Amino acid sequence: MGDSQRPSISHHKTHHVRTEYNRLAATYDQRWSHYVESTITATLDGLELVGDERVLDIPIGTGELALRLLQRWQQLKIAGVDLSPRMLDQAAAKFRSSETSRSHWGGSHSGVVGSNHHPSNPNHSLSGNPQSDLTVPDLYEGCVTSLPFADHEFDCIFCVNSFHYFPDPEKSLMELRRVLRDGGKLILVDWCDDYWMCRMCSLWLRLVDPAFHQTYSQRHCEALLREAGFRIDHARRFRVGRIWGLMRIEARAAGNL
């Protein structure tokens, strides 16, 4: 397949991802409650943070991971990006209603994919509300291959349950590397082709789900990360129920871009 075809294929898949998750947004947490709980638990297991890092959650989805992070480390400065405006609506509503959040939700999400305009703060600060003991995420509607952030803006990035949807994984990882400071941490959690049930699901989804792109073995995913400028700190595989086999890879941004 020629390079000239890639943009149209990427745009096509991105459109389907946005459409699908707009449709699922209102019931996503209820429909996938066990899966979400299990993958968030695995994501947080063994995680070490100072507690005041600048964090990117992509895609932020309904905001459940961001909420759990802030319940543990209240001074994190989180930005969340998602393709789906309806998922962002769910995240905003979750933080409005959360008893954990004691600040007024003042952010709105940009409707411009790839825009450099900060949705709630013209100075592009991730500091949240200075009058609150708890910062709340700034939300952006955008795409992983064109993030509205400066180079090296984040100390830590979470990419959970989404890598199999990225139509251009190499470009996506390079963009994540760009916005992560040297030595910064990336936590990637996704389906793993080392489990035969995931391989079967991958083959089936390629036939029936136009939003789906590809799943990877742990070895393949680690190779993609290294090519994008990361070094692997820790990696492990785990199961969620009988069907889902996943991997959790913790990597560092290595050297200069």
Quiz item: Given the conditions (1) free of Cβ contacts under 8 Å to residues at least 40 places away in the same chain; (2) of a type outside the set (Gly, Ala, Ser); (3) surrounded by 17 or more Cβ atoms within 10 Å (Cβ to Cβ), which single one is not true for Pro169?
Solution: (1)
Quiz item: So which residues in the range 182-231 are under 22 Å from Ile58 (Cα atoms) and hydroxyl-bearing (Ser, Thr, Tyr)?
Solution: Ser202, Thr215, Tyr216, Ser217
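Would you check which residues across the range 188-206 are in a strand (DSSP E or B) and either touching a Cys at 6+ places or on another chain (Cβ under 7 Å) or free of Cβ contacts under 8 Å to residues at least 12 places away in the same chain (or both) and list them?
Leu188, Trp191, Cys192
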Practice problem: Assess whether Lys77 counts as being at pLDDT 95 or above, of a type in the set (Lys, Arg) and within 24 Å of Ile187 (Cα to Cα). | Solution: yes
Exercise. Kindly check whether there is at least one residue in the range 151-163 that is within 19 Å of Val36 (Cβ to Cβ), of a type outside the set (A, V, I, L, M, F, W, C) and not in a strand (DSSP E or B).
Key: yes
Quiz prompt | Qualifying residues in the range 48-94 (those that are farther than 23 Å from Asp151 by Cα and of a type in the set (S, T, N, Q)) - the one surrounded by the most Cβ atoms within 10 Å (Cβ to Cβ) | solution = Thr62
Quiz prompt | Only listed residue being in a helix (DSSP H, G or I) and touching a helix residue (DSSP H, G or I) at 6+ places or on another chain (Cβ under 9 Å), chosen from Leu47, Leu88, Leu56 | solution = Leu88
Self-check item: Output for the range 214-248, where each listed residue is farther than 14 Å from Tyr35 by Cβ, out of contact with any Lys or Arg (no Cβ under 6 Å at 6 or more places or on another chain), hydrophobic (A, V, I, L, M, F, W, C) and part of a strand (DSSP E or B)
Solution: Phe230, Ile232, Ala235
Quiz prompt | Lone unmet requirement of (1) modelled with pLDDT of 95 or more; (2) hydrophobic (A, V, I, L, M, F, W, C); (3) touching a strand residue (DSSP E or B) at 6+ places or on another chain (Cβ under 7 Å) for Met87 | solution = (3)
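The values are calculated or read from the model by the stated rules, or taken from the named source; none is laboratory data. What you are looking at is a predicted structure, and each value in this text was computed from that prediction instead of being measured. Reconstructed Cβ throughout: ideal geometry from the backbone, glycine too, with neighbour counts over all protein chains shown.
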